[in-house]
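Coordinate-derived values only; no laboratory data. The model shown is predicted, which means the values in this text are computed figures rather than measured ones. We place every Cβ from the backbone using ideal geometry, glycine too, and count neighbours over all the protein chains shown.
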Amino acid sequence: MKILIFSDVHLDEYALMELSGKSAGVDLCVCAGDLSRFGNGLKEVIEFLGSFKKEVLLVPGNNDPIRMTQELCEEYGITFIHKAIVKRGGFSFAGLGAGLVGRLKTPFELSEADFKKALSKFKGVSNLVLVTHTPPFGELGEVSVDYNIGSNEILSFIKSEQPVLCVTGHAHEHAGSELMIGKTRVINPGKHGVIITL
């Protein structure tokens, strides 16, 4: 199964057109959030994603107000997977949106305790693909020498459950980067997207 993964588009029209073109050659699209800027432009971006001829699975980012995102996904045929699991092509796609509560003061932030509770529902799921806006704590969460926007709870979950893949975003500095945590491939695809095969 070929999948187009992307995150942190933030209203970038060029990136959206690029993603639309790439979507033609895949079976499924997966978005790790942050389509808007504090909710501004969210409707237009989700409507555009709805024009893709492929299913789009989506979690909201810290810039995407959760209720508005869910309602727009329903309106434009996008599969909203925040705190949910959907099965596609023999894999279970589990979503967890939001940024971690911190300095940013953005529309959709959750605490580590919130993350832990949500992730507990995904334990023991086989062939798991984890889609999180917030990266696991570590290299992909580093935005400065003294500031990491990654989640320890997401890191702990990946270490213990070893999903096949974790698609993440949030830290623009690491767009296009990937690493391994045990057997789990962790990718921040960025706004230009990456096509992978599962």
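Points to keep in mind about this one:
- Among the trypsin sites (Lys or Arg not before Pro) in segment 141-187, those located in a DSSP loop and surrounded by at most 16 other Cβ atoms within 10 Å of their own Cβ are Lys183.
- Residue order, fewest to most surrounding Cβ atoms within 10 angstrom, among Ser144, Ser51, Ser111, Ser23: Ser144, Ser51, Ser111, Ser23
- Springs join every pair of Cα atoms under 10 Å in this Gaussian network model of the chain, and among Asp12, Asp146, Asp64 the largest mean-square fluctuation is at Asp146.
- Residues Val164, Val30 in ascending order of nearby Cβ atoms (within 10 Å, fewest first): Val164, Val30.
- Label selected from (1) 1, 7, 15, 19, 19, 15, 10, 7, 4, 1, 0, 0; (2) 1, 9, 18, 23, 23, 16, 8, 2, 0; (3) 1, 7, 14, 17, 16, 14, 11, 8, 6, 5, 2, 0, the criterion being P(r) over Cα pairs in 5 Å bins from 0, in percent as computed here: (2)
- Close amide H pairs (under 5 Å, H built 1.01 Å from N) link Asn62 with Asp34, Ala98, Gly99, residues at least 5 positions away or on another chain.
- Pairs exceeding 21 Å between alpha-carbon atoms, taken from Lys43/Lys117; Lys22/Lys191; Lys54/Lys159: Lys43/Lys117; Lys54/Lys159.
- Karplus-derived 3J(HN,Hα), 6.51/-1.76/1.60, for each residue of segment 190-198, Hz, glycine and proline x: x, 6, 7, x, 9, 9, 10, 10, 9
- Percent of beta bridges antiparallel (DSSP, the chain, rounded to nearest 5): 40
- For segment 106-198, the set of GluC sites (Glu not before Pro) satisfying both a DSSP loop assignment and a count of at most 10 other C-beta atoms within 10 Å is empty.
- Residues whose placed amide H lies under 5 Å from that of Phe38, excluding near-sequence neighbours: none
- Ile81, Ile154, Ile196 arranged by Cβ crowding within 10 Å, fewest neighbours leading: Ile196, Ile81, Ile154
- Between the amide H of Ser151 and those of Phe137, distances stay under 5 Å, these residues lying 5 or more places away or on another chain, with hydrogens modeled in the peptide plane.
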